[in-house]
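The values are calculated or read from the model by the stated rules, or taken from the named source; none is laboratory data. Values in this document were obtained by computation on a predicted structure and should not be read as measured data. Glycine gets a Cβ as well: all are built from the backbone with ideal geometry, and neighbour counts include every protein chain shown. For the accessible areas, the whole protein counts, side chains as well, though only heavy atoms, and no ligand, DNA or RNA atoms are used. Shrake-Rupley method; radii C 1.70, N 1.55, O 1.52, S 1.80 Å.
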Amino acid sequence: MQTPRRVEHQLTDKGSVPVYATAVIEQPWASYEAVEHDTWRRLFERQSAILPGRACQEFVDNLNALGMDAEAIPKFEALNRHLRAATGWELIGVEGLLPELTFFEHLAARRFPVTWWIRRPEQFDYISEPDLFHDLFGHVPLLMNPVFADYMQAYGAGGVRASTFGDASLAELTRLYWYTVEFGLIATDDGLRIYGSGIVSSKGESIYALESPSPNRIGFDLTRVMRTRYRIDTFQKTYFVIDGFEQLFHATVDPDFAPIYRELAAQPAIPAGQVLATDRVYQRGSGQGWAADGDV
Ligand SMILES: [Fe+2]
């Protein structure tokens, strides 16, 4: 495998994170080795087996519609033919995590950056930064969904605006991405389901997020989410539950974020595991059902 061009590590509010060269690169597909295709195959087969009944149906259906399979690492160009036709998004190859503003600018232009390299076999169960499997398998299926696709673009545009408001606003907006795009749950007629890419690309968290009694599952509220700290080194203490992707889109594009940042400036951040009296907490009822406080 070629070597990704990591520039340096930077200390941020997410801890020490790698920063990579920002150039858009062509996916070096011909250079993937057998062991890398095998890592893709094993990860794909493992997640595909546990996600039906756990991931939302839109994710499962679009994974199939994209033509991804266990056979080999997908070619970005082949996926792009489906994506462009469905929602006008396209994938671009990158070396790894991007600076925030660069990332926001890509999203605002309906370009989703995908890390071209895949984890090593010894990183099979856990990798601390996004690799190709996380980015492709985790993120791309929902970019086929028109409402979610519009949310992602609106989020990117909000990020570009937030970059002029300062670090606190950027941190608040990053929490929104974290608790929706990466670690979101969705309430469906069949019960709670996963849609966040950080969950669907992880065997352990796919099970934990839905079945463990430990984490809080709280109804989505924009400012509540933007105040809530998160953990990057362990499974989440709290998941936020949306009623549908329309809820995300409307929460993000309707308000001008500037008044929200001003409102949040006067309020302290909320620890990752704290529950407030105003939260709609989802509890598992008898049988398989989940319900929030106040729901009949
Ligand atoms: Fe991600």
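Observations on the structure shown:
- At least 3 residues being more than 24 Å from SER202 (Cα to Cα) and of a type outside the set (D, E, K, R) is the threshold, and among the helices (runs of 4 or more DSSP H) wholly inside segment 21-107 those reaching it are 76-86.
- Verdict on ALA109 being more than 15 Å from the ligand (Cβ to nearest atom) and under 14 Å from the mean Cα position of the chain (by Cα): no
- Complete set of residues in segment 114-146 that are part of a helix (DSSP H, G or I) and under 15 Å from the mean Cα position of the chain (by Cα): LEU132, PHE133, HIS134, ASP135, LEU136, PHE137, GLY138, HIS139, VAL140, PRO141, LEU142, LEU143
- Pairing residues of segment 67-84 that are over 18 Å from ILE118 (Cα atoms) with residues that are open to solvent by less than 10 Å² (accessible area, probe 1.4 Å) and in a helix (DSSP H, G or I), at Cβ distances under 9 Å and at least 6 apart in sequence or on separate chains, gives GLY67/LEU79; LEU83/VAL140; LEU83/LEU143; LEU83/ALA149.
- Among the residues of segment 205-220, the ones that are more than 16 Å from the ligand (Cβ to nearest atom) and farther than 15 Å from ALA272 by Cα come to 6 in all.
- TYR230 being modelled with pLDDT under 95, closer than 26 Å to PHE257 by Cβ and within 16 Å of the ligand (Cβ to nearest atom): yes
- Every residue from segment 63-110 that is at pLDDT 95 or above and among the hydroxyl-bearing types (Ser, Thr, Tyr): THR87
- Qualifying position, being modelled with pLDDT under 95 and aliphatic (A, V, I, L, M), among ALA171, ALA149: ALA171
- In segment 94-127, residue surrounded by the most Cβ atoms within 10 Å (Cβ to Cβ) [restricted to those that are among the small types (Gly, Ala, Ser) and without any contact (Cβ under 8 Å) to a residue 60 or more places away in the chain]: ALA108
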